[in-house]
Each structure stands twice: as C-alpha cells, then as structure tokens.
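Here is the structure we will look at, set down as structure tokens.
What follows is calculated from the coordinates using simple rules that are stated; it is not laboratory data. Bear in mind that the values here come from a model prediction, so they are computed numbers and not experimental data. Quick reminder, even Gly has a Cβ in these numbers, built from the backbone with ideal geometry, and neighbours come from all protein chains shown.
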Amino acid sequence: MSLSVGDRAPDFSLFTDEKEAFTLSEAVKTGPVVLLFFPAAFTGVCTTEVNEVSNDLGAYGDSTTVVGISTD
C-alpha cells in the first residue's frame, strides 16, 4: 500500500511496549498523528532517525502525537 502526504491512513490497533492498546482512529481525535516506522529499535540508523524526530518534536505542534512502530 502506498500513501501520499495528506492521505488518510487505514485504521489499525496495536499494543504499546507498556501493553496499552493504541488505535489510530482514537488517536486522531485529539490531533494530528505522525507514524514513524523503523525496522529495529536498537540499530544505529534507527536510533539516529528517532533521535532526529525527538529533537524536532516542537515543529509538529503541541497537539501532534508521534508514534514509533518497529518490528521488535
């Protein structure tokens, strides 16, 4: 599946690393959501990318939720 900027992502649910349910359709009710997909949390490239996003969180606005999703 391919999405363009501004396209609505399909709804999904998953569990966080704290075993809490996350559902995209619920999260977007409180503001924009940025989905950040990466293959593994503890690789050098992924750590660098996540740190870059973390350093720029202010650019997304206070109501934006950033969700990191990895395979591990």
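Here are the numbers:
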read-out: Relative exposure of 24, 14, 35, judged by other C-beta atoms within 10 Å (fewest first); value: 14, 35, 24
read-out: Bridge type composition, the chain - antiparallel percent by DSSP, nearest 5; value: 35 percent
read-out: Over the chain - Rg/Rh using Cα atoms and the Kirkwood inverse-distance radius; value: 0.95
read-out: Ascending count of other beta-carbon atoms within 10 Å, so fewest first, for 53, 34; value: 34, 53
